[in-house]
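Following: one structure in structure tokens, then a few remarks.
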Amino acid sequence: MLASVYAPKDFKRLRASGDLVARCFDFITPHIKAGISTGEIDRLVAEFLKANGARSSDLGYMGYPKNICTSVNDVIVHGIPSDDVILKDGDIVNVDLTAEYKGFHGDASRMFMIGNVAPRARELVQTCQDALNAAISICAPGVPLSEIGKTIEAVVKPHGFSISRDFVGHGIGKVMHDDPQIYHFYDRRWDKVKMVPGLVFTIEPMINTGSPECKIDPDGWTARTVDGGLSAQWEHTLGITEDGVIIFTEKMV
């Protein structure tokens, strides 16, 4: 039996935590421009979460020191916010934000393009978002988990970008990370594992302009492309319903 399968009453709570994450992104978005430090973005998130009765799921997780991850340019994932990292014109940055609200976690990430971004970088960011949206669109009961990776590959490969294989999506709910793992590339081992109503997980493709391989900084967290190529990531938390899929980390109307 799959982990991360929840009851309909839990979906209401997951929707509330996801809505809070979406509203937090709306709160920080006007501030994310050239001249702000990633450390200041982290403080803005902490301020919002505290004011809304939530907490960062990341802070203290396995010793992680900040409230969010901020991954700039060649950083694939897990960039640590710092007052020394100042966003500048032409940068692309991913903000990965996970919050716990009333016992349930919501996890999403968004890309931000700072000022005059090069065309290939814009193409990378857009392709990654398109890949996420395409993968979400095929989610429904009875669909093999392998279809997620197959769908992402179909969107990404024609652009000549690579897909990181070192990091995956994951089950989520009452805990931040749970089974099943969600691969962003096709793996036939997942052909026989089917989505079921109540399954809650993230899809969070990471795609690079060059090599898919990564290297880890001495801080033990920051994962960069081995060749200095740019990287982009988009993420949502999703739940499988009886007849389709719901995106929890969108703002409720």
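The values are calculated or read from the model by the stated rules, or taken from the named source; none is laboratory data. In this text the structure is predicted, and so the values were computed from the model without any measurement. Neighbour counts run over all protein chains shown; Cβ positions are idealised from the backbone, glycine included. Note: accessible area is taken over every heavy atom of the protein model, side chains too, but ligands, DNA and RNA are not part of it. Shrake-Rupley method; radii C 1.70, N 1.55, O 1.52, S 1.80 Å.
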> For the charge dipole of the chain, defined by +1 on Lys and Arg C-beta atoms and -1 on Asp and Glu C-beta atoms about the Cα centroid, which residue among ALA154, ASN208, CYS69 has the Cα displaced farthest towards the positive pole?
Replying inline: ALA154
> Which entries in the list LYS150/LYS192; LYS33/LYS150; LYS194/LYS215; LYS12/LYS150 go over 26 Å, if you measure between the two C-alpha atoms of each?
Replying inline: LYS33/LYS150; LYS194/LYS215; LYS12/LYS150
> Setting aside same-chain residues fewer than 8 positions from LYS157, which aspartates and glutamates have a Cα under 20 Å from its Cα?
Replying inline: ASP74, GLU123, ASP130, GLU147, ASP166, ASP187, GLU204, GLU213, ASP227, GLU235
> Which of the peptides 92-101, 162-171 is most tightly packed, and how do the rest follow, judged by the mean count of other Cβ atoms within 10 Å per residue?
Replying inline: 92-101, 162-171
>> Of ASN94, SER37, TYR186, which is farthest towards the positive pole of the chain's charge dipole, taken about the Cα centre with +1 and -1 on the beta-carbons of Lys, Arg and Asp, Glu respectively?
In response: TYR186
> Given a 1.4 Å probe, how much area per residue of segment 163-253 is accessible, in Å²?
Replying inline: 45
>> Please report the net charge: other residues with Cβ closer than 9 Å to the Cβ of THR202, K and R +1, D and E -1.
In response: -3
> Heavy-atom accessible area per residue, segment 1-139, 1.4 Å probe: how many Å²?
Replying inline: 42
> How about segment 169-253: which GluC sites (Glu not before Pro) there are in a DSSP loop, with at most 12 other Cβ atoms within 10 Å of their Cβ?
Replying inline: GLU242
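Carbon and sulfur together cover what percent of the accessible area of the chain at a 1.4 Å probe radius?
Numbers: 5750 of 10830 Å².
With neighbouring chains kept in place, the figure for the chain is 53 percent.
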>> Let me spell out the model: positive unit charges on the Cβ of Lys and Arg, negative unit charges on the Cβ of Asp and Glu, origin at the Cα centre of the chain. What dipole size does that give, in debye rounded to 20?
In response: 540
> When the Karplus curve 6.51 cos²θ - 1.76 cosθ + 1.60 is applied with θ = phi - 60°, which whole-Hz ³J(HN,Hα) does each residue of segment 72-79 get, with x for Gly and Pro?
Replying inline: 9, 6, 8, 7, 7, 8, 6, x
